[in-house]
Every structure is written in structure tokens, then in C-alpha cells.
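Chemist: The following block contains the structure, expressed as C-alpha cells.
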Amino acid sequence: MLGNNRRGVILWDRDRHLLRELAVMRVIDREQAKRVAGFGSTRRANDRLLRLTQAKLLRRFFLGTKNGGQKALYALSPTGANVAQVTFRSLRRTQNKVLVADFFVAHQLSINEIYCAVKYAPIPVPDARLQRWVSFHEPLEPGIRLIPDGYFELVAPQKILAAFLEADLGHEGLSVWKAKVRNYLQYAVSGNFEKRFGQPQFRVLVVTDSERRMQSLRAATASLTEKIFWFSTFDSIATHGFWSSVWLRVNDERHQCLVSLP
């Protein structure tokens with residue numbers, strides 16, 4: 001039973017795993033919690049999230065939805081971080097508050113969708129495994145204003161896929177995007193990537209909220225490079241899978257997989 005909390009809760013391994021994952025994901029909704037913690041039903045997920053919130057291990061607030069409703073969101077509390085022995089990074093949202101529009105939260109939930117797809121969806125390549133995921137809270141290096149939304153390495157037979165991730169919800173202008181492309185290109189040729197991550201090269205996987213936005217970013221990128229950037233949409237990934245043929249290169253209209261079968 002947890003400490004001196006008056007309500008009390010017995011923590012299972014699944015609960016501790018969820019708390020640790022929240023240190024990475026920052027904020028989650030119920031469906032993401034189900035995928036991360038392996039809840040078998042919505043009822044069970046709702047019940048457990050409520051108990052963890054009542055035990056002050058999680059903080060809960062609500063996000064307004066397009067149809068006028070609202071859904072519950074959960075973030076790690078200082079107590080939860082202490083129990084899970086992870087670093088606490090405050091998410092300054094009032095307990096039980098309803099958020100009408102929150103760019104940070106919407107963006108983080110989108111990043112989490114990619115994270116869940118990378119870490120928890122089956123990889124259709126024999127003997128492939130996720131080696132690591134890295135989250136960033138500061139620029140990759142001094143002098144480059146570049147904070148990726150994530151980085152992962154997939155170890156597959158005879159190959160390691162190293163990729164930065166960009167979750168794009170269309171809130172930035174194309175001039176900002178081009179500056180980001182230039183920063184990635186600068187980082188690619190600087191030699192600092194291999195020094196830090198131990199891999200010779202990387203890709204940048206860009207996931208957008210619409211087909212139209214994806215095509216705009218592809219066109220903007222094409223004016224600077226044809227290399228390293230791969231594009232898809234959240235809808236395509238949700239429908240077909242992250243590891244399926246849902247990816248487009250800058251100047252190639254053939255849909256491709258990130259890792260091919262040997």
C-alpha cells in the first residue's frame with residue numbers, strides 16, 4: 001500500500017510502468033494509457049486511472065473535444081515521480097481544469113501517438129527491436145535552435161535505423177520549417193550526430209495532421225534537399241501502421257516502408 005495516503009492503493013508492476021512512461025510522455029489520454037499499461041478494457045482503465053489520481057500519483061485535467069465534449073488527461077504528480085523514481089517535469093495545468101485549446105498538450109499527445117506506435121505496435125521485421133527512445137528538453141547542441149520531438153533507434157537484421165521525429169500540426173509557417181530543415185542538414189554534416197549517438201547517419205521522420213500539410217512540407221523541403229526526410233500523416237499511420245508502406249520521400253511518389261523485410 002502506498003505510504004500514508006488516506007485512500008491507499010496497492011501498486012502493481014503495471015502501475016509503476018505507467019508512471020515511468022509518463023515521465024517520457026508528459027501527458028496521456030485513456031487510450032494511450034491502455035496501450036502503454038496493457039489494460040484489457042476501457043472500464044478497467046478508467047477505474048485504475050481514477051484510483052491513481054485519488055492516490056495523488058497522477059494529476060487529472062480535461063481537454064475540450066471538437067464535438068463539444070471533453071476527455072480526461074493525466075500527468076505525473078511529484079508524488080508519482082518520487083514513487084517511480086523518475087525526474088519530475090512539471091506540467092502547469094490546474095487539477096480538474098477544462099482546457100479549451102492547448103497547443104502544448106495537443107502537440108504532446110501527437111508525439112505520444114508516434115511513441116506508442118514505435119514502442120508498442122508489433123514490428124513486422126524478424127528479430128527487429130527498439131533499442132532506445134530519447135526525448136529532448138533542450139537544443140541538440142549550442143548554436144542550433146533545434147529540439148526534435150523524439151529520437152529512436154531500431155535494430156534490425158544487418159541494419160540500425162536511427163531517426164529523429166517531427167510531429168507537425170500545421171502551427172508553424174513554411175519559413176520556420178525551412179529553418180528547421182537547414183538545422184537538420186547542418187547537424188548531419190557537422191559530425192556531432194555520430195559523436196553523440198554513435199550512429200553514422202540519421203533520418204528525419206515527419207508526421208503531419210493532413211495530406212495537404214504533408215505536401216506543403218515536402219515541397220518546401222525539396223527546395224533545400226532530397227535527402228534524409230521522410231513524410232507521412234497521423235491518419236495513414238493509424239490506419240495502416242507505423243511500419244507499413246505509408247512513407248514518402250521528398251521527390252518520390254512511391255509509398256515505402258522504413259525497414260524492409262530481409
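Where a number appears in this text, it was derived from the coordinates with a stated rule and is not lab data. Keep in mind the model is a prediction, meaning the values are calculated, not measured. Here the Cβ positions follow ideal geometry from the backbone for every residue, glycine too, while neighbour counts run over all protein chains shown.
Chemist: What distance in nm separates the two pseudo spin-label positions at LYS71 and SER90, each 7 Å out from Cα along the beta-carbon direction?
Modeler: Placing both labels 7 Å beyond Cα along the Cβ direction yields 2.8 nm.
Chemist: Let me ask you something else. By how many degrees, between 0 and 90 and to the nearest 10, does the Cα long axis of helix 42-54 differ from the longest principal axis of the chain?
Modeler: 70 degrees
Chemist: Which order, highest average first, do 164-173, 125-134 follow once you tally other Cβ atoms within 10 Å for each residue and take the mean per peptide?
Modeler: Values: 164-173: 17.2, 125-134: 13.3.
Packing proxy ranking, top to bottom: 164-173, 125-134.
Chemist: I want the local charge near TRP230. Using Cβ-Cβ distances under 9 Å, sum +1 for each Lys or Arg and -1 for each Asp or Glu among the other residues.
Modeler: Numbers: positive: ARG203, ARG249; negative: none.
Around TRP230, the surrounding residues sum to +2.
Chemist: Quickly rank 136-149, 71-84 as a protection proxy: mean count of other C-beta atoms within 10 Å, highest first.
Modeler: On the way: 136-149: 13.4, 71-84: 20.1.
Ranked by mean Cβ neighbours within 10 Å, highest first: 71-84, 136-149.
Chemist: Just to be sure I follow: if Rg is taken over the C-alpha atoms of segment 13-100 and Rh is the Kirkwood radius over the same atoms, what is Rg/Rh? Could the numbers behind the result be given before it?
Modeler: Details: Rg = 12.3 Å, Rh = 13.0 Å.
Reported Rg/Rh (Cα atoms, Kirkwood Rh): 0.95.
Chemist: Give me the number: length gained by fully extending ALA179 to GLU253, i.e. 0.36 nm times residue separation minus the C-alpha to C-alpha distance, one decimal in nm. Intermediate results must be reported in sequence, preceding the final value.
Modeler: Numbers: separation 74, 0.36 × 74 = 26.64 nm, distance 2.43 nm.
24.2 nm is the gain from fully extending ALA179 to GLU253.
Chemist: Under 17 Å between C-alpha atoms is the cut-off here; go through the chain and count lysine pairs that meet it, provided they're at least eight residues apart or on different chains.
Modeler: On the way: LYS34/LYS71; LYS34/LYS119; LYS56/LYS97; LYS71/LYS97; LYS178/LYS227; LYS180/LYS227.
Summing the qualifying lysine pairs gives 6.
Chemist: Given labels modelled 7 Å from the Cα in the Cβ direction, how far is it in nm from ASP127 to ARG14?
Modeler: 3.4 nm
Chemist: Percent relative contact order of segment 13-100, based on C-alpha pairs within less than 8 angstrom and at least six residues apart?
Modeler: Details: 123 pairs, mean separation 29.0, N = 88.
It rounds to 33 percent for segment 13-100.
Chemist: May I pose another question? Ignoring everything except DSSP H segments at least 4 long, calculate the 222 nm mean residue ellipticity for the chain; use -39,500 (n - 2.57) per segment, divide by total residues, nearest 500. Walk me through the numbers before you get to the answer.
Modeler: Working: 9 runs with 101 residues, N = 262.
Here the helix-only value at 222 nm equals -11500 deg cm²/dmol.
Chemist: Oh, and also: For a quick check: with amide H placed at 1.01 Å from N, whose amide H comes under 5 Å from GLY150's, ignoring anything fewer than 5 positions away on the same chain?
Modeler: Amide H to amide H, under 5 Å and 5 or more residues apart or across chains, GLY150 pairs with LEU165.
Chemist: Which GluC sites (Glu not before Pro) in segment 189-262 pass both tests, a DSSP loop state and at most 15 other beta-carbon atoms within 10 Å?
Modeler: Details: sites: GLU194, GLU211, GLU226, GLU253; in loops: GLU226.
Of the GluC sites (Glu not before Pro), the ones in loops of segment 189-262 whose Cβ has at most 15 other Cβ atoms within 10 Å are GLU226.
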